[in-house]
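Q: Quick one: the structure is below, and I'll ask about it shortly.
The values are calculated or read from the model by the stated rules, or taken from the named source; none is laboratory data. What you see is a predicted model; the values in this text were computed from it and never measured. Don't worry about glycine lacking a Cβ; one is built from the backbone with ideal geometry, like all the others, and counts go over all protein chains shown.
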């Protein structure tokens with residue numbers, strides 16, 4: 001026999017449940033707000049208390065075009081200026097958004113770079129390596145600029161600003177080329193190139209074909225017998241056309 005819930009019973013449960021959900025929602029919003037505040041406004045320091053140029057937050061996400069990936073986040077940069085025979089010392093700490101795009105240049109990709117395996121219906125694309133572009137520093141949207149010193153001249157301020165930008169640029173470039181970020185970007189590149197090749201393969205009747213993308217660092221140690229490549233892809237497509 002089914003139990004009927006009376007309105008009074010529903011209200012009794014709805015009260016605690018609604019309160020719990022409200023507490024969870026408020027807690028989640030506070031956590032997100034704290035992370036954003038810490039990312040954008042709190043200065044990161046070394047163990048000795050000094051500010052340091054570093055990546056504060058970054059994420060890497062894929063795209064469907066041959067701009068195959070993008071790394072974006074917030075960077076903290078620091079600089080020091082010393083003038084007046086060492087008497088006038090000033091420091092600057094800046095936080096700002098940045099982004100780095102990753103590209104695969106396929107303009108030089110030709111038939112010799114494509115290999116076809118009849119047995120496994122696999123297309124192997126020997127692509128150029130993924131390359132990061134120049135970091136884009138969004139200095140117009142700085143979330144923190146902190147300049148300290150007993151007396152900061154205009155010339156010192158300008159020098160600090162240039163050094164902060166240069167340090168941020170160098171740090172972003174180094175981070176973008178790190179093995180972890182390059183590996184992720186290459187993975188997104190494989191997906192983008194695979195999607196690019198899927199349409200012509202499907203049009204030629206090879207909709208179930210597998211696409212394997214290799215990069216120069218991988219091919220240097222590659223055993224060519226591993227793929228069992230029997231014919232170049234241009235020969236396969238020519239025969240298919242006939």
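Per-residue answers, yes or no, for (1) in contact with a helix residue (DSSP H, G or I) (Cβ under 8 Å, 6 or more places away or on another chain); (2) over 30 Å from residue 79 (Cβ atoms):
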{"site": "95", "(1), (2)": "yes, no"}
{"site": "107", "(1), (2)": "no, yes"}
{"site": "111", "(1), (2)": "yes, yes"}
{"site": "114", "(1), (2)": "yes, yes"}
{"site": "148", "(1), (2)": "no, no"}
{"site": "164", "(1), (2)": "no, no"}
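Q: Does region 114-128 include one or more residues that are out of contact with any strand residue (DSSP E or B) (no Cβ under 8 Å at 6 or more places or on another chain), surrounded by 16 or more Cβ atoms within 10 Å (Cβ to Cβ) and within 30 Å of residue 214 (Cα to Cα)?
A: For region 114-128, residues out of contact with any strand residue (DSSP E or B) (no Cβ under 8 Å at 6 or more places or on another chain), surrounded by 16 or more Cβ atoms within 10 Å (Cβ to Cβ) and within 30 Å of residue 214 (Cα to Cα): present.
Q: Taking region 59-103 only, how many residues are more than 30 Å from residue 195 (Cα to Cα), surrounded by 15 or more Cβ atoms within 10 Å (Cβ to Cβ) and at pLDDT below 85?
A: 2
Q: Looking for something assigned to a loop (DSSP other than H, G, I, E, B) and surrounded by fewer than 17 Cβ atoms within 10 Å (Cβ to Cβ) - is there at least one such residue anywhere in region 175-186?
A: There is at least one residue in region 175-186 that is assigned to a loop (DSSP other than H, G, I, E, B) and surrounded by fewer than 17 Cβ atoms within 10 Å (Cβ to Cβ).
Q: From the list 91, 129, which one is more than 17 Å from the chain's Cα centre (by Cα) and in contact (Cβ under 8 Å) with a residue 12 or more places away in the chain?
A: Unique residue meeting the criteria: 91.
Q: Hey, another quick one. Residue 191 versus (1) closer than 29 Å to residue 88 by Cβ; (2) touching a strand residue (DSSP E or B) at 6+ places or on another chain (Cβ under 9 Å); (3) part of a helix (DSSP H, G or I): which is the lone unmet condition?
A: (1)
Q: Give the residue that is surrounded by the most Cβ atoms within 10 Å (Cβ to Cβ), with candidates limited to residues of region 187-207 that are touching a helix residue (DSSP H, G or I) at 6+ places or on another chain (Cβ under 9 Å) and more than 21 Å from residue 112 (Cβ to Cβ).
A: 207
Q: Having 2 or more residues that are over 19 Å from residue 190 (Cβ atoms) is the bar; report the strands (runs of 3 or more DSSP E) wholly within region 81-126 that clear it.
A: Per the criteria, 88-103.
Q: Looking only at region 162-172, decide whether some residue is touching a strand residue (DSSP E or B) at 6+ places or on another chain (Cβ under 9 Å), under 30 Å from residue 186 (Cα atoms) and in a strand (DSSP E or B).
A: No, that holds for no residue.
Q: If you don't mind, another one. Going through region 199-222 one residue at a time, which ones are in a helix (DSSP H, G or I), without any contact (Cβ under 8 Å) to a residue 40 or more places away in the chain and more than 25 Å from the chain's Cα centre (by Cα)?
A: 199, 200, 202, 203
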